[in-house]
Every structure is written in structure tokens, then in C-alpha cells.
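One structure below.
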Amino acid sequence: MIQVNIHEAKTNLSQLLSHVSSGEEVIIAKSGNPIARLLPFNKPKSQRQPRLDVGLVEIIGDFNAPLDNELIKEFEG
């Protein structure tokens, strides 16, 4: 892990990104206090595929209907 101040981070961003791309973590600090962290970007292993869950969930017809008062009281405790 590398820690640098803001000025050094601005001055050496390309070099810091090179460290990050090789797997290192870079902490950016202001007056010695960490305020940000640069991490390598990990691309998701697989892309989401739409409609894989078709048929697994059923939305009932009155989904948006108002709740009855008894059920509301249960939630309000």
C-alpha cells in the first residue's frame, strides 16, 4: 500500500495508476489523514443476461392496491 498527499497524487497520477494496475492500493491523504483510496478495477466476471428469471416471480394483480388499516397497524408496531 502506498500513501501520498493530494499534491503528490496530482503530480504523479500516471505513476500511481501504474501501481494500481499492478494490484497495489494507493491511499490519498490530506494533512496525513486518508481521504480516498485508489483500487484496481475488477471487471465483472460475466455480463448480466436479461430475462433469465422469467417465470420465477409472479406479481399479483393488486400489487399497487392500498394496504388495509389492520396491516398498516402491524407495520407501525
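Toward the positive end of the charge dipole of the chain, with +1 on the Cβ of Lys and Arg and -1 on the Cβ of Asp and Glu, the farthest Cα among 66, 9, 49 is that of 9. Using a simple spin-label model with pseudo-atoms 7 Å out from Cα toward Cβ, residue 69 and residue 43 lie 5.9 nm apart. Which of these values of percent of Cα pairs over 19 Å apart was calculated from the structure shown: (1) 51; (2) 33; (3) 64? The listed entry that was calculated here is (3). Among beta bridges identified by DSSP and lying wholly in the chain, the antiparallel ones come to about 55 percent. In loop segments of the stretch 8-77 as defined by DSSP, the GluC sites (Glu not before Pro) with at most 13 further C-beta atoms inside 10 Å of their C-beta are 25, 58.
Please report the relative contact order for the chain, taking Cα pairs under 8 Å with a sequence separation of at least 6, and give it as a percent rounded to a whole number. Kindly include the intermediate steps, with their values, before the conclusion.
Working: 59 pairs, mean separation 16.9, N = 77.
Computed value for the chain: 22 percent relative contact order.
How much net charge surrounds residue 18 when only the other residues with a Cβ under 14 Å from the Cβ of residue 18 are counted, with Lys and Arg +1 and Asp and Glu -1? Surrounding charge for residue 18 is -2. For the chain, the Cβ-based charge dipole about the Cα centre amounts to some 780 debye (Lys, Arg positive; Asp, Glu negative; other atoms uncharged).
Each value in this text was obtained by applying a stated rule to the coordinates, not by laboratory testing. As the structure is a prediction and not an experimental result, all values here were calculated from the model. All Cβ positions, even for glycine, are placed from backbone atoms using ideal geometry, and neighbour counts span all protein chains on display.
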